[in-house]
Amino acid sequence: MLKRLFESVGEYFLLLGKVLTKPQKRNVYLKLLVREFYDLGVNSFGLVLFTSFFVGAVVAIQMFNNFSASSFPIPNSFIGYATKVVLILEFSPTIISVILAGKVGSYIASSIGTMRVTEQIDALDIMGVNSPNFLILPKIIASVIFNPLLIAISIAVGIWGGYIAGIATGNWTKADYITGIQMYMPSYFIWYAFLKTAAFAFLIATIPAYFGYNVKGGSLEVGRASTQAVVWTMVSVIIMDLLLTQMLLS
């Protein structure tokens, strides 16, 4: 088991060595890049908006309940501040990335895996095309560029969800919530969030691509590879979150 893990890690980095090379035809890559922006990014807008809105509302309500139960009086303005900080530091970068690992990761693994079992990748190799670079690099670029935009939207929609929760429940006023949002927060937190997002986006694009590229067998194996890709991508995102938090915030 351990031997197979190290072999897989080695194969992953060898594949990255083939991926991270200069594109052969830039005009073709631009067309592929635009398609990946749509497939990996635009198609995820709805899921990100829906999840962020309701989780932002839940976080704000939980903050209100915790502050209300405190033995020390805490102003309601801190509900907006706490919601903002939780969304920026952890929820939007990490949880949304885990959700994207499931949605985007399965798509990448299954699409590349299908090309492998139908011998389309073999055809590219025979024609002299660097197939890892041709198939995977546009996905990496699209994810690293577009995922931070999704996270920025997630933060904004989550804060708005908390605002709407206050209106719906009447537990805090609009003025208190807006005051909390405007409270000072170190700008480093924002850079930290987007740095994490870029690192997660790289993992979300490359790990499923590795599993899809190395599929052997038929359609059943493609399904198994997609499942493994999602699981290992989520595990890698969580481990990376721990490492980056320890290095950048400790």
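The values are calculated or read from the model by the stated rules, or taken from the named source; none is laboratory data. Since the model is a prediction, treat every value here as computed from it, not as a measurement. For neighbour counting, all protein chains shown are included, and Cβ atoms are generated from backbone atoms with ideal geometry for every residue, glycine included. Accessible surface areas use protein heavy atoms only, side chains included; no ligands, DNA or RNA. Shrake-Rupley method; radii C 1.70, N 1.55, O 1.52, S 1.80 Å.
Odds and ends about this structure:
- Gly217 meets each of the listed conditions (1) within 18 Å of Leu15 (Cα to Cα); (2) in a loop (DSSP other than H, G, I, E, B); (3) of a type in the set (Gly, Ala, Ser) apart from (1).
- Filter result for Val157 (within 26 Å of Glu36 (Cβ to Cβ), touching a Phe, Trp or Tyr at 6+ places or on another chain (Cβ under 6 Å), surrounded by 15 or more Cβ atoms within 10 Å (Cβ to Cβ) and not acidic (Asp, Glu)): yes
- From the options Tyr163, Tyr184, residue that is of a type in the set (Phe, Trp, Tyr) and buried (at least 17 other Cβ atoms within 10 Å of the Cβ): Tyr163
- Hits in the range 1-26 - residues which are over 19 Å from Tyr210 (Cβ atoms) and either open to solvent by 100 Å² or more (accessible area, probe 1.4 Å) or modelled with pLDDT of 85 or more (or both): Lys22, Gln24, Lys25, Arg26
- Counting the residues of the range 94-114 that are under 20 Å from Pro23 (Cα atoms) and open to solvent by 40 Å² or more (accessible area, probe 1.4 Å) gives 0.
- In a residue-by-residue description of the range 8-21, the property of being within 13 Å of Lys139 (Cα to Cα) and among the acidic types (Asp, Glu) applies to no position.
- Condition met for Val237 (open to solvent by 70 Å² or more (accessible area, probe 1.4 Å) and under 24 Å from the mean Cα position of the chain (by Cα)): no
- Ile167 being free of Cβ contacts under 8 Å to residues at least 40 places away in the same chain, β-branched (Val, Ile, Thr) and more than 30 Å from Arg116 (Cα to Cα): yes
- Test: residue in the range 195-205 that is open to solvent by 60 Å² or more (accessible area, probe 1.4 Å) and out of contact with any helix residue (DSSP H, G or I) (no Cβ under 8 Å at 6 or more places or on another chain): no
- Selection within the range 1-21 - over 23 Å from the mean Cα position of the chain (by Cα) and without any contact (Cβ under 8 Å) to a residue 60 or more places away in the chain: Met1, Leu2, Lys3, Arg4, Leu5, Phe6, Glu7, Gly10, Leu14
- Positions within the range 184-199 being modelled with pLDDT of 90 or more and either of a type in the set (D, E, K, R) or over 15 Å from Leu248 (Cα atoms) (or both), in sequence order: Lys196
- Filtering the range 115-129 for residues that are surrounded by fewer than 24 Cβ atoms within 10 Å (Cβ to Cβ) and more than 26 Å from Leu32 (Cα to Cα) leaves an empty set.
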